[in-house]
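The values are calculated or read from the model by the stated rules, or taken from the named source; none is laboratory data. These figures come from a predicted structure and were not determined experimentally. Here Cβ is always computed from backbone atoms with ideal geometry, including for glycine, and neighbour counts include all displayed protein chains.
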Amino acid sequence: MLVTDPNLLADRRRLRRKLGFWRIAAVIAAIAVVGALALNLDGPDTRSDHIARIDISGVVTDDEKVLEMIGEIAENPAAKALVVSISSPGGTTYGGERLYKALREVGTEKPVVADVRTLAASAGYMVAASADHIVAGENSIVGSIGVIFQYAQAQDLLDKIGLSIEEIKSAPLKAEPSPFHEASDEARAMIRAMVLDSYDWFVDLVAERRGMDRRDAVRLADGSIFTGRQGLENGLVDAIGGEPDIRAYLEGRGVDEALEIIEWEPENDPARQLISARMMDLATGFFGTPARISDEINHLTGGKLFLDGLVSVWQVGGQEAAEH
């Protein structure tokens, strides 16, 4: 039905204008809310004086984003101390080395405390040794000081299925040891020398950081693991306890015990560079799908998708090899 009444037409025009205004206002409000969340909810304020805390858990690898975060803590004058919470069985020796050196850089500027939770073994203990003070639970696990190099040997399987691998190489030790044939004495000697060199570096690190005679460090560095209480007795741990003991130590280093402990987290997912972490969490809750892709990959792979090179890791149910 065609409306010709001028008053009705005018009312409809006014209604359309009002609806258009409120639609635009709603869009602007939504943008403002997103902006506020991105600016204010992305994380705690690290500009005020505080004690920084970071988490080193799972398999230790060469993680650039974690190293960058540690560097930011070192340079942030508001971070008066650093607490490193550790729950790790170890990982690559190189990954542990880089974390160790980065944390020692922080230690030149402010106190660093290792808070050993479930375990700090192998490269995990290497990280703990970077701290000025190590606090563990009575039944935490520490130690497993050693280095291991593993490779698969598939020769028997290949023989059973009638498959042979031929190779032409520039020198006998190229690409050795190989999974396709038993290692030669020369290859075994080469790998052993490499493992021993890395092991010596690890032992020297423990002896220096824990104020031990090297012979005592070697005695502990046979791959053995210890409870927190045993670690306190043999010098691998400084104290048994938790946050109150950490704060007591830091107060002795001149850090105000009333300071808030703030969790620092690295930017682990590329998507988080485009939208705030809290907005990603809101999206996850709203859509019911995982927004943090890297977290899902780590969950599915157990954090062990890539683990190359020399390894310093305590393997539950496996065999720990610590050459010495």
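Side notes on the structure shown:
- Test result for Leu173, under 19 Å from Gln155 (Cα atoms) and not charged (D, E, K, R): yes
- When Ser198, Ser184, Ser178 are checked against the criterion of being under 28 Å from Gly107 (Cα atoms) and hydroxyl-bearing (Ser, Thr, Tyr), a single residue qualifies: Ser198.
- Members of region 227-249 found to be more than 10 Å from Glu138 (Cα to Cα) and not in a loop (DSSP other than H, G, I, E, B), listed by number: Glu233, Asn234, Glu243, Pro244, Asp245, Ile246, Arg247, Ala248, Tyr249
- Options Ala114, Ala78; residue that is of a type in the set (A, V, I, L, M), surrounded by fewer than 24 Cβ atoms within 10 Å (Cβ to Cβ) and touching a residue at least 24 places away in the same chain (Cβ under 8 Å): Ala78
- Filtered residues of region 81-103 (kept if farther than 15 Å from Trp314 by Cβ, touching a strand residue (DSSP E or B) at 6+ places or on another chain (Cβ under 8 Å) and either free of Cβ contacts under 8 Å to residues at least 24 places away in the same chain or not aliphatic (A, V, I, L, M) (or both)): Ser85
- You will find that of Ile246, Ile168, Ile225, the residue that is at pLDDT below 95 and aliphatic (A, V, I, L, M) is Ile168 and no other.
- Residues satisfying the stated conditions in region 119-134, i.e. within 10 Å of Ile225 (Cα to Cα) and among the small types (Gly, Ala, Ser): Ala120, Ala121, Ser122
- Looking only at region 181-200, and only at residues there that are in contact (Cβ under 8 Å) with a residue 24 or more places away in the chain and of a type outside the set (S, T, N, Q), the one that is nearest to Leu103 (Cα to Cα): Tyr199
- Test result for Ala239, aliphatic (A, V, I, L, M), in contact with a helix residue (DSSP H, G or I) (Cβ under 6 Å, 6 or more places away or on another chain) and either surrounded by 16 or more Cβ atoms within 10 Å (Cβ to Cβ) or modelled with pLDDT of 95 or more (or both): yes
- Qualifying residue in region 142-152 (condition: over 30 Å from Ala120 (Cβ atoms) and surrounded by 16 or more Cβ atoms within 10 Å (Cβ to Cβ)): no
- Residue check, Ile225 of a type in the set (A, V, I, L, M) and touching a residue at least 60 places away in the same chain (Cβ under 8 Å): yes
- Any hit, region 42-54, residues being within 30 Å of Arg253 (Cβ to Cβ), part of a strand (DSSP E or B) and either at pLDDT below 95 or within 12 Å of the chain's Cα centre (by Cα) (or both): yes
- Restricting attention to region 148-206, the residues that are of a type outside the set (A, V, I, L, M) and assigned to a helix (DSSP H, G or I) add up to 15.
- In region 201-216, residue surrounded by the fewest Cβ atoms within 10 Å (Cβ to Cβ) [restricted to those that are within 26 Å of the chain's Cα centre (by Cα) and over 15 Å from Glu97 (Cα atoms)]: Arg210
- Test: residue in region 252-261 that is closer than 30 Å to Ser224 by Cβ, in contact with a strand residue (DSSP E or B) (Cβ under 7 Å, 6 or more places away or on another chain) and modelled with pLDDT of 50 or more: no
- When region 98-147 is filtered for residues that are more than 20 Å from Ala217 (Cα to Cα), touching a helix residue (DSSP H, G or I) at 6+ places or on another chain (Cβ under 8 Å), in a helix (DSSP H, G or I) and of a type outside the set (A, V, I, L, M), the ones remaining, listed by number, are Arg98, Glu105.
- Scanning region 217-228 for residues that are surrounded by 15 or more Cβ atoms within 10 Å (Cβ to Cβ) and on the phi < 0 side of the Ramachandran plot turns up Ala217, Val218, Leu220, Ala221, Ser224, Ile225, Phe226, Thr227, Gly228.
- Going through (1) surrounded by 18 or more Cβ atoms within 10 Å (Cβ to Cβ); (2) free of Cβ contacts under 8 Å to residues at least 60 places away in the same chain; (3) not acidic (Asp, Glu) one by one, Ala121 falls short only on (2).
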